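*Asks:* My questions all concern the structure below.
Read the figures in this text as sums done on the coordinates, not as results from a lab. Computed from a predicted structure; not experimentally measured. Methodologically, a virtual Cβ is constructed for each residue, glycine included, from the backbone with ideal geometry; neighbour enumeration extends over all protein chains shown.
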Amino acid sequence: MMASTHGQAAGAAASGPRSVPVIALEGLTKTFPGADGRPVHALGPVDLRILPGEFVALVGPSGCGKSTLLRLIAGLEAASGGTRQRYGTPFEAPSHEVGIIFQDHVLFPWATVLENVLLPADILHLPRRVADERARKLLALTGLSDFAGHKPQMLSGGMKQRAAFCRAMLADPRFLLLDEPFGALDALTREELSLELSRLWGELGRTAFMITHDIDEAILLGDRVLVMSPRPGRIVADIAVDLPRPRSVDTAAHPRFQAIKQQIRRLIFERRST
Amino acid sequence: MNARHAGRLLTPAVYAVCLIAWEGLVHGFAIPSWLLPAPSQIMAAALAWGPELAANAFVTLRETLAGFLLALALSLPLAGLIAFNALARRSLYPLLLGLQSVPKVALAPLMTVWFGFSEWPKILIVVLVCFFPILVNVVAGLDSVPSAMLDLMRSLGAPQHMVLRRLRIPAALPALFTGCKVAITFAVIGAVIAEFVSAQSGLGYLIMITTSQSQTPVAFAAILVLTGISVALFYAIEFLEKRFVTWKV
């Protein structure tokens, strides 16, 4: 049941209603083998279309299956039922056209920041000079130029996540998946990085799907906010965020922001109390 | 004198007190040197027997290092096989872990039966005692790669050899060094025990001969040299570890 749909979001409208969705899920489900041998229904059925240029954020309580949904969209996990298409083609495996930013940066501690950022180039055999130039440009864009030769453990949490962003963007992916990207950071750094990501996303013009348990973060970044129910996770609301871009530190003070936030909180907490 | 200087001097001071007490006890109770030599007598014996000690230390060191390196060369590919092949893990690993329970030094006389009086029985005992700690630690290291890192490699479509080279091997390095540090200590013990069983040279042989001839100060000097070798090898590996493993897990 969709609680509210304000039509397609702004980003989608710009690419036209007929454009092929980046991701299209239909009736997607996931069950895991449980401890007692009986299958545990973790997710779905989920129907979801992500259109080119959209930033879709999904919020849900812990354990609702949102991480599973992201892994299914990434192709890192096999679905138990339903269909999934990437750019109109069914898929089972990950694609290097999809960049992933993991919750816990996942930088290799034995490599420098620059080597970490260049990892996709090594694996995909990108031309070294082009990749090098692009890595340095991304590091400059995120204010990490002076730390290219440092090991990740010498960086702050926020800087590590910026480096992970650079790595995810190195191979120029068309679609970005964000798995609670700021979940491990303190509140101030989270907000700072959210705004920075919003700015970068605006400049780079990519499609993105982010899962988070932070409602503010979801509204601040998203064109749409999807709300997920507790396990088995289903999308119970699809809320268009009709707030102007670029979003800034003042966006959270916008009356519309507060209204959307209240709507989402009601969806989550009223559902829980029943 | 401040606390930091005091802390630094504490260890040598403890050693000095122990040595002086030892020296005093031996002289005070007139203990004969064949029963317990005083530190001064051990030092005198070490100087007098310098060339013999050095020549035999060289033999023991050679056996230790040859056995250790051979064990390394054997255990690394096996660890890789066990870590990446489910069949090898289910068939080989229980077998190897079972063999680990065999007291390896008890095999030393058999080694002599099989391989004669050359240096090979000693080297093989060293291989046996070094092999398991390295293998078990490297398998654990290859297994311990965080799943998110594997997801990252998979999301980039990295082929297996790339996952191995860029992720699993570096991730297993700390465990490899842990295994090597355990192994190198065992290696010296293994070499000496093998020399006890049958040898014409080496520090273990020297200890056996001099003890049976009541030249106890020389035996003590040989034990001192052995301890030095053991400590030196341990710190050599730790030095390499500090150079190659610059991160904490």
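*Asks:* Label B:Leu92 and B:Ala236 with points 7 Å out from Cα along Cα→Cβ: what is the distance between them in nm?
*Replies:* 2.7 nm
*Asks:* Counting only pairs 8 or more places apart or on different chains, how many lysine pairs in the protein assembly as shown have C-alpha atoms closer than 30 Å?
*Replies:* Eligible lysine pairs with Cα atoms under 30 Å apart amount to 19.
*Asks:* Please tell me the relative contact order of chain A in percent, rounded to the nearest whole number, where contacts are Cα pairs under 8 Å and at least six residues apart. Present the calculation step by step, with values, prior to reporting the outcome.
*Replies:* Numbers: 531 pairs, mean separation 74.1, N = 274.
Value for chain A: 27 percent.
*Asks:* Lys/Arg Cβ at +1, Asp/Glu Cβ at -1, dipole of the protein assembly as shown taken about the Cα centre: which of B:Leu142, A:Ala163, B:Gly98 is farthest positive-ward?
*Replies:* Toward the positive end, the furthest listed residue is A:Ala163.
*Asks:* Also: State to the nearest 20 debye the size of the charge dipole of region A:159-225 about its Cα centre, where the only charges are +1 on K and R beta carbons and -1 on D and E beta carbons. Before the final figure, lay out the partial values.
*Replies:* On the way: 8 positive and 12 negative charges, 68 e Å.
That gives region A:159-225 a dipole magnitude of about 320 debye.
*Asks:* Right, here's the next one. Which of B:Trp49, B:Trp247 has the fewest other C-beta atoms within 10 Å, and how do the rest follow up to the most? Walk me through the numbers before you get to the answer.
*Replies:* Working: B:Trp49 19, B:Trp247 14.
The fewest-first ordering by Cβ neighbours comes to B:Trp247, B:Trp49.
*Asks:* Now for a separate question. Which peptide among B:33-42, A:124-133 comes first, and what is the full order, when sorted by highest mean count of other Cβ atoms within 10 Å? Don't jump to the answer; show the numbers that get you there.
*Replies:* Numbers: B:33-42: 16.5, A:124-133: 12.3.
The densest-packed peptide leads the list: B:33-42, A:124-133.
*Asks:* When you look at the Cβ of every residue in A:67-75, what mean number of other chain Cβ atoms sits within 10 Å?
*Replies:* Values: counts 0, 0, 0, 0, 2, 0, 0, 3, 3.
Other-chain Cβ atoms within 10 Å of each residue's Cβ, averaged: 1.
*Asks:* Taking the Cβ of each residue in B:Tyr235, B:Tyr205 as the centre, tally the other Cβ atoms inside 10 Å and list the residues starting with the fewest. Walk me through the numbers on the way to the answer.
*Replies:* Numbers: B:Tyr235 12, B:Tyr205 22.
Listing B:Tyr235, B:Tyr205 from fewest to most nearby Cβ atoms yields B:Tyr235, B:Tyr205.
*Asks:* Among DSSP bridges having both ends in the protein assembly as shown, what percentage is antiparallel? Round to the nearest 5.
*Replies:* Working: 20 of 39 bridges.
About 50 percent, rounded to the nearest 5.
*Asks:* Turning to a different aspect of this structure: What's the center-to-center distance, using Cα atoms, between region B:42-64 and region A:145-209 in Å?
*Replies:* 61 Å
*Asks:* Which one, A:Ser62, A:Leu107, A:His96, is farthest towards the positive end of the dipole of region A:60-114 when Lys and Arg carry +1 and Asp and Glu -1 on their Cβ?
*Replies:* Selected residue: A:Ser62.
*Asks:* Here's a follow-up. Could you list the square roots of 5 times each eigenvalue of the Cα gyration tensor of region A:145-251, that is, the equivalent ellipsoid semi-axes, sorted largest first and rounded to whole Å? List each step's numbers first, then the result.
*Replies:* Details: eigenvalues 126, 51, 42 Å².
Ellipsoid semi-axes (Å, largest first): 25, 16, 15.
*Asks:* Still on this structure: Would you mind giving the mean number of other chain beta-carbons within 10 Å of the Cβ of each residue in A:26-36, as a whole number? Write out the running numbers ahead of the final one.
*Replies:* Values: counts 0, 0, 0, 0, 0, 0, 0, 0, 0, 0, 0.
Averaged over the peptide's residues, the number is 0.
*Asks:* Distance between the C-alpha centers of region B:117-160 and region B:186-249? Whole Å please.
*Replies:* 25 Å
*Asks:* Using alpha-carbon pairs under 8 Å, 6+ residues apart, how would you state the relative contact order of chain B in percent?
*Replies:* Computed value for chain B: 26 percent relative contact order.
*Asks:* Using a simple charge model, +1 on the beta-carbon of Lys and Arg, -1 on the beta-carbon of Asp and Glu, nothing else, what dipole does chain B show about its Cα centre, in debye to the nearest 20? Intermediate results must be reported in sequence, preceding the final value.
*Replies:* Working: 15 positive and 9 negative charges, 197 e Å.
Charge dipole of chain B: 940 debye, to the nearest 20.
*Asks:* Tell me the label-point distance for the pair A:Gln262, B:Gln160, using the 7 Å Cα-to-Cβ offset, in nm and rounded to one decimal.
*Replies:* 5.9 nm
*Asks:* Please state the charge dipole magnitude for the protein assembly as shown, taken about the Cα centre, from unit charges on C-beta atoms (+1 on K and R, -1 on D and E), reported in debye and rounded to the nearest 20.
*Replies:* Working: 47 positive and 38 negative charges, 169 e Å.
I would put it at about 820 debye.
*Asks:* Moving on. Suppose each label sits 7 Å from its Cα in the direction of the beta carbon; what would the A:Val249-A:Ser145 distance come out to in nanometres?
*Replies:* Placing both labels 7 Å along Cα→Cβ, they lie 2.4 nm apart.
*Asks:* Sort A:Cys166, B:Cys130, B:Cys18 so that the residue with the fewest other Cβ atoms within 10 Å of its own Cβ comes first and the one with the most comes last. The partial results should precede the final answer.
*Replies:* On the way: A:Cys166 24, B:Cys130 29, B:Cys18 11.
Ascending Cβ contact count within 10 Å gives the list B:Cys18, A:Cys166, B:Cys130.
*Asks:* Per DSSP helix of 4 or more residues, -39500 (n - 2.57); summed, then divided by the residues of the protein assembly as shown. What does that give at 222 nm, rounded to the nearest 500?
*Replies:* On the way: 20 runs with 296 residues, N = 523.
Rounded to the nearest 500, it is -18500 deg cm²/dmol.
*Asks:* OK, next. Partner chain Cβ atoms within 10 Å, averaged over the residues of B:155-166 - can you pull that number for me? Could the numbers behind the result be given before it?
*Replies:* On the way: counts 16, 16, 8, 7, 1, 0, 0, 3, 1, 0, 1, 7.
Partner-chain Cβ atoms within 10 Å, mean over residues of B:155-166: 5.
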